[in-house]
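One structure is given here, and the rest of the page talks about it.
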Amino acid sequence: MSDHEPHLTLLESEFERVLDNYAHEASGGQNSTSENRSHTEELLRERARDRRFRQLLDALPAAVYTTDAAGRITFYNEAAVELWGCRPELGKSEWCGSWKLFWPDGTPLPHKNCPMAVALKEDRAVRGAEAIAERPDGTRVPFIPYPTPLHDGSGKLVGAVNMLVDITDRKRAEDQQALLVRELHHRVKNMLATVQAVMGSTARASTTMEEFQQAFTGRIMALARTHSSLAEDQWQAISTRNLLCNELDPYDDGSGRVQLNGPAVDVPATVAVPLSMAVHELTTNAAKYGALSVLGGSISVSWTLAGEADRRELAITWIERDGPAIEPPTRHGFGSQLLERVLKNQIGARVTILYKSEGLRARIVVPLPSERSPPTPLDSMGAA
Ligand SMILES: Nc1ncnc2c1ncn2[C@@H]1O[C@H](COP(=O)(O)OP(=O)(O)OP(=O)(O)O)[C@@H](O)[C@H]1O
Ligand SMILES: [Mg+2]
C-alpha cells in the first residue's frame, strides 16, 4: 500500500496539520524545550501505530470503513473498495461509500437511511440488517453491515466503524435451494400423476387382483429404477444403455440372450421417464408372450443418433428372435397404449410395432430436446 493512496494521504495530512499547529504553538518565537520534543516523539509514535493499524485493516478480507461523528467517511480498506467498486472521497462521502444502495427486495435505499446512518444518528450498533450495494458498473453485491458507533474516553460519539460482509455466495446457495424445492415439488406432483395414471390403466387391463398387483408393482419399480438413475445425474439425464439395462439386465444370463449395441447417448429426464416405461412394457411383453418367454429366445436392441445438434433423434430398434411363433394381437392392453399413444403424445416419438411370426420388432424414434427441462406427467395415460 502506498502513501499516495487517498485515504492515507488524508489521514496523514490531518496528522501533519496537528504537528504543524503544535510546532507553531510550541515555537512562539522560542526554541523547542525537552517537554515539547517528547510530545512530538509521542505523536510520531502514535502516527506509526496508526499506520500499522490501517495496514492491518487493509490486509483483512472483510470490507471495513470508518466515519466521523457526522457520518463523513474517514477510512476504508481495499476489501471495501472491491465491494463498492469505487473509491469514495474521504471527508466528503457520507454514511457508506457504495455507489447506490438497495433493500434486499430491490427498492432503493437512500444513503442517509442506511444502517450506518441509523447507527450514528441513534448512537447504537445496528445488527441483523441486510442490503445490496450497486457498483458503478451495475453489478450488485448483497451484504450484511455491522455498523458500530465509537466513543472517546468521556463517552462522546466520535464516529463509527462498519464491516460489510459479502453474502453473494450464501444468497446464490439460498436461491439454488429454493429452486430445488420448487423443482422437487413439481416432480413429486408429476410423479403422483403418473402413478395415478398407471394405476388406473393397469386396473382396467387386469382381470384379477393378483394380475393387477404384479403388473402395477413391476411398473412402479421400473419408474423407481429410472428415477434412481436420474438422481445419479442430478435429475438431468440417463444414458440410453443404462435405461435399457435397468429393464433387461435381469434377463441377461450372459449367454447372449440380450444384446445391446449403440453409441453413448444421454437421454434427458423429460424423455427418460416415458421412454423407460416403454422399455419396461416391451420387456414384460417379451417375457409374457415373446422371446424371453422361452428358453433359447433372444432380444437384440440397437440404437443410433441422427440429426443436427439441436434436432437430434434417437432411433431404437428392438428385435426378438427364436421365441414362440406369434400372431398379430387381438387385444390392446396398457403396453400397446403406452407405446402407441403416450410416447407419441408426451415426447413426440414415432413408434412402429411389427408382429412378425418369427418375433416382435419395434422401432422407436425419439426427438431429443436440446435444452434440459423437468419431466412432464404422463397425463394422457389417465384417459387410457
Ligand atoms: N413381444 C411380444 N411377443 C408376442 N406377442 C406380443 C408381444 N408383445 C405383445 N404381444 C401381444 O400383444 C398384445 C397386447 O400387448 P399389451 O402389452 O398391449 O397388453 P398385455 O401385455 O396383454 O396387457 P398389459 O400390457 O395391459 O399388461 C398381447 O396380449 C400379446 O398378445
Ligand atoms: Mg403388456
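The values are calculated or read from the model by the stated rules, or taken from the named source; none is laboratory data. Since the structure is predicted, the reported quantities are computational estimates derived from the model, not experimental observations. Backbone-built Cβ (ideal geometry, glycine too); neighbour counts: all protein chains shown.
Condition first: in contact with a helix residue (DSSP H, G or I) (Cβ under 8 Å, 6 or more places away or on another chain) and aromatic (Phe, Trp, Tyr). Now tell me which residues in segment 56-97 satisfy that. Correct list: Tyr65, Phe75, Tyr76, Trp95.
Quick grid of which residues meet (1) within 16 Å of ligand 2 (Cβ to nearest atom); (2) surrounded by fewer than 16 Cβ atoms within 10 Å (Cβ to Cβ); (3) in the same structural domain as Val198 (by TED's automatic domain parsing):
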site	(1), (2), (3)
Leu295	no, yes, yes
Ser302	no, yes, yes
Thr317	no, no, yes
Asp322	no, yes, yes
Thr330	yes, yes, yes
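Among the residues of segment 148-194 satisfying the criterion of being buried (at least 16 other Cβ atoms within 10 Å of the Cβ) and at pLDDT below 90, which is farthest from Thr270 (Cα to Cα)? Only one residue tops the list, namely Ala193.
Can we say Ser255 is without any contact (Cβ under 8 Å) to a residue 12 or more places away in the chain and either of a type in the set (A, V, I, L, M) or within 15 Å of ligand 2 (Cβ to nearest atom) (or both)? Considered against the rule, which asks whether it is without any contact (Cβ under 8 Å) to a residue 12 or more places away in the chain and either of a type in the set (A, V, I, L, M) or within 15 Å of ligand 2 (Cβ to nearest atom) (or both), Ser255 comes out as no. Contact map, segment 183-210: residues that are of a type in the set (Lys, Arg) and away from ligand 1 (no atom under 12 Å from the Cβ) paired with residues that are assigned to a helix (DSSP H, G or I) and modelled with pLDDT of 85 or more, Cβ distance under 9 Å, separation 6+ or inter-chain. Pairs shown: Arg187/His227; Arg187/Ala269.
Note on segment 286-372: enclosed strands (runs of 3 or more DSSP E) holding 2 or more residues that are in contact (Cβ under 8 Å) with a residue 24 or more places away in the chain, more than 9 Å from ligand 1 (Cβ to nearest atom) and in contact with a Gly (Cβ under 7 Å, 6 or more places away or on another chain) are 298-306, 312-321.
Report whether or not Ala215 is in contact (Cβ under 8 Å) with a residue 40 or more places away in the chain, small (Gly, Ala, Ser) and within 21 Å of Leu184 (Cβ to Cβ). In short, no.
When Arg127 is tested against (1) among the charged types (D, E, K, R); (2) surrounded by 12 or more Cβ atoms within 10 Å (Cβ to Cβ); (3) in the same structural domain as Ala269 (by TED's automatic domain parsing), only condition (3) is not met. Do you know which of the residues in segment 269-292 that are within 15 Å of ligand 2 (Cβ to nearest atom) and of a type in the set (A, V, I, L, M) is surrounded by the fewest Cβ atoms within 10 Å (Cβ to Cβ)? Residue satisfying both the conditions and the ranking: Ala287. For the criterion of being more than 16 Å from ligand 1 (Cβ to nearest atom) and surrounded by 15 or more Cβ atoms within 10 Å (Cβ to Cβ), Leu230 passes.
One residue stands out in segment 248-265 among those that are part of a loop (DSSP other than H, G, I, E, B) and hydrophobic (A, V, I, L, M, F, W, C): the one that is nearest to the chain's Cα centre (by Cα), namely Val265.
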